[in-house]
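Just so it is clear, none of the values below were taken in a lab; they were calculated from the coordinates. Every value quoted in this text rests on a predicted model; they were computed, and no experiment measured them. Because the Cβ atoms are built from the backbone with ideal geometry, glycine has one as well, and the counts that use them run over all protein chains shown.
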Amino acid sequence: MSQYNRRISKIVTVGKLPIGGGFPVSVQSMTTPHTADIAAIKRQIHDLETAGCQLIRVTVSDEAAARALPEIRKAMTVPLVADIHFDYRLALKAIDAGVDKIRINPGNIGNKERIQAVLKAARSAKIPIRIGVNAGSLEKELLEKYGHPNAEAMVASAARHIQICEDFGFEDIIVALKASNVSLMIAANRLFTEKYDYPLHLGVTEAGPPWQGTIKSAIGIGTLLAEGIGDTIRVSLTDDPVQEVQTGFEILKSLDLIKKGITIISCPTCGRADVDIIGIVADLESRVKHIQQPMTVAVMGCAVNGPGEAREADLGVAGGKKSFLLFKKGEIIAKIPESQVVDRLLEEIKRLSESKEEIS
Ligand code: SF4
C-alpha cells in the first residue's frame, strides 16, 4: 500500500500484536485517570478501543495501581502496557498481573540483582520491554559528556539500557527516543537506526495542546515514517487520548500506511464558490467520524477543480449555484440542492459501504 521502503527491524510481539519487521505501524495511547480508579480506566480503555487504539499503556506508579492491573487486563481486547519508573517491585507485580509489555528503563531500577529479576520475569512471561529514552530526563553523566540533550546523548542512553538487557541475553526490546523538540526527535531516531535493528516506537513527547501537538507530531512522526523508520506510534497531546489515536491514524493515512475511515478531500473554498463549503465539510466530518470503512469523499466548491477531484474519489460533489453535482465512482448520478448535500452523501456512503463495490 505504501510507497515507502520500510526499515525492516526485528519483530517483537506484544500480546498478539507484531511490532517491527515491516508489519503495519500500530497506533497506541496512554490512559489519563489514576490507574487504581478501575471504573474510569475501563471507560477510557473502551473509548480508546472503539477509536481503534491497538496498544494501551497505563501508568503503574504505586501499589494500588499494580493491584488494579489484573482487572484492567481482563476488560481489554488489545494488549496492555505497564509504564514503570524506578521501582522494580512494581515491574514484577505488573508482569505477574499479566501485562503484555512493560515500559521500563533497566538502568534506572537499581542494582544488578533487581534488573535481572525484572528481565528474568519478563522472559518467563514472554513479554517485551520498551526502553523509553526522553531528552528531558537523560542521565547526568551523559549530559556532562555531551553538554546538552542531543541525538548522540539520547542514543547513548538507549545503548546503555540495551546493553544491560543484551548482557542478560534479553533482546525482546522495543525502543523509543522521544523529545519535545521535533528536530531532535528525528535526529535521534535516524541515528539509532544506523546502529540497531530493534523496532522503534515513535513519538514527539510533551507535544503540547491539540493544535500545536498535532502539527509537531505529524512532522516528527511523519518525517520518520516517510523515511521508512518507525513501527508503532503514539501521538502525545494535552487532550483526550482518543484524540491522540485519531491523530495517529490520520498521520498513517496521510502516508498511505493504512486505509481507514472516511478521507475527506475538500477545497479551501474561495470567491468562486456559491455554496458553503466550510459549513458543509464541518457537518460532514462530524457525522462520519465513527465510520471505519475506508472511502474517499470529495467536497469541492466549483467547476474549476471540482469535477476532477469528485470524479477521482469514491464519492464526490462539485458545487454550482446553491447546488452540487454528485459523482459516484467517477460518474455523475444526481444534481442535489445545497441544503441536502450532507444527508445525501451520508446515504451514498452507507450504500457504498454495504455494496460489494471496490472502494479506493
Ligand atoms: S474548487 Fe473552486 S471554490 Fe474551491 S478553491 Fe478551487 S476555485 Fe475555489
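See the values below:
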{"item": "Neighbourhood net charge (11 Å Cβ-Cβ; Lys/Arg +1, Asp/Glu -1) for Leu252", "result": "+1"}
{"item": "For segment 149-303, projected area of the alpha-carbon convex hull averaged over all directions, nm²", "result": "11.3"}
{"item": "Cα-based equivalent ellipsoid, the chain: semi-axes from gyration tensor eigenvalues, Å", "result": "44, 22, 17"}
{"item": "Most to least packed among 231-239, 326-334, 170-178 [average Cβ atoms within 10 Å]", "result": "231-239, 170-178, 326-334"}
{"item": "Förster radius 22 Å - calculated FRET efficiency between Leu143 and Arg114, Cβ distance, rounded to 0.05", "result": "0.35"}
{"item": "Binned Cα-Cα distance frequencies in segment 72-210 - 10 Å width, integer %", "result": "12, 41, 34, 12, 1"}
{"item": "³J(HN,Hα), Karplus 6.51/-1.76/1.60, whole Hz, each residue of segment 128-143, x for Gly, Pro", "result": "x, 10, 9, 8, x, 9, 10, 4, x, 9, 6, 4, 4, 4, 6, 5"}
{"item": "Using alpha carbons only: equivalent-ellipsoid semi-axes of segment 262-354, gyration tensor based, whole Å", "result": "19, 14, 12"}
{"item": "Segment Glu354-Ala303, length gained on full extension (0.36 nm per residue, minus Cα span)", "result": "15.4 nm"}
{"item": "Test item: Cα-centred dipole of the chain, Lys/Arg +1 and Asp/Glu -1 on Cβ, debye", "result": "520"}
{"item": "Gaussian network model of the chain, springs between alpha carbon atoms under 10 Å - residue of Ala179, Ala298, Ala122 with greatest fluctuation", "result": "Ala298"}
{"item": "Nearby lysines by direct alpha-carbon distance to Lys74 (threshold 22 angstrom, same-chain neighbours under 8 apart not counted)", "result": "Lys16, Lys42, Lys93, Lys101, Lys126"}
{"item": "Calculated SAXS-style log₁₀ I(q)/I(0) at q = 0.20, 0.32 Å⁻¹ - segment 116-162, Debye, Cα scatterers", "result": "-0.66, -1.13"}
